[in-house]
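None of the figures in this text is laboratory data; all of them are computed from the coordinates on show. Everything quoted here is computed from the prediction, not taken from an experiment. Heads up, the Cβs are rebuilt from the backbone with ideal geometry, glycines too, and the neighbour counts pull from every protein chain shown.
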Amino acid sequence: MSLTLVEQIARQSPAPPVEPVTSEVPDHISPTAAKSYLACSLRFYFERVLCLPRPTSPALHLGKSIHAALQCFHIALWRGGDCSPETIALAFDGAFNALEKDEGPIAWTAKKTREKAREDGLRVVAAYLDSPEVAKEPPKAVEVFLHENIDGLSVPLTGAMDLVRQDLTPVDFKSAAARPDSDTAAFEHEIQLVSYQLMLEAATGESPPSLELVYLVKTKTPQVIKVTSPPADRHRKERVVRLLETAVKGITAARFHPQPGMQCSWCQFRKECAAWKGGAS
Ligand code: SF4
């Protein structure tokens, strides 16, 4: 998500962790930001408003490196470039090293942890290239960024899709440590998938025939799992727009508070959260 006015203000005037924020309407909302806000608004505040620095988690670093390798593959497929496994492995290694330098430090627990993450990444990328789910025909678009006005949403909706197939199906790639539950995966990622549908419909006037997630699972023998869901009907679309608007309204009102749950086990702001005394609405 690019810097919103709220974030710019916070960066210019670093405040104590839980000082109240006088906010304004964000200039846009992305499904990632909305999901983050709705999961825990206080973590959103620490991470995206105050931009408190934290080491990048190994899982996030690996996910970004895998994403960069797949992007390289899909762009080569799109433009008729070199899609060979050797070239894509080099793209993975290049991203793994460059991201560590540019976005680090990474919270490695030991040198061998770093090497294991690198090997896991290479194996899972190779598994995708060798799987039935690999993109075979040139896509319609790769890493397409959209910024669209949507009925019922008070600010533009933005987002970058990993891949859009020729038939307009948006695809999002996820790296995961365990095999996902196919029945719940699409529901868990509904804000993202339906947001993509809304943006594609606004941009092209056409509806995608399906919405797709492709999981790259870092098990000992890597797995590639495709999860598809039908395009959202009117009710699902309205539901997602209401969720997005709830996030916009909450950010605008500077409504940030702890929302304890499963996400606390991997939250990097527990110390700041424990110090929370109210105040940020
Ligand atoms: S520890 Fe839990 S409740 Fe507190 S900020 Fe993190 S996710 Fe939210």
Mean separation of Cα contacts under 8 Å (at least 6 apart) over the residue count of the chain, i.e. the relative contact order in percent, is 24
Log10 I(q)/I(0) at q = 0.13, 0.14, 0.16, 0.19 Å⁻¹ for the range 141-240, from Debye over equal alpha-carbon scatterers, is -0.46, -0.52, -0.67, -0.91
Short to long, in 10 Å steps from zero, the percent of alpha-carbon pairs of the chain per bin is 6, 26, 33, 27, 8, 0
Within the set 158, 221, 252, GNM on the chain using Cα springs under 10 Å gives the largest fluctuation to 221
Filtering GluC sites (Glu not before Pro) in the range 180-216 by DSSP loop and by at most 15 other Cβ atoms within 10 Å leaves 206
Per residue convex hull volume, Cα only, the range 58-129, in Å³ is 75
Whole-percent tail of the Cα-Cα distance distribution for the range 190-281, cut at 22 Å, equals 55
Listed residues 186, 203, 69; largest mean-square fluctuation, Gaussian network over the chain with Cα springs below 10 Å, found at 203
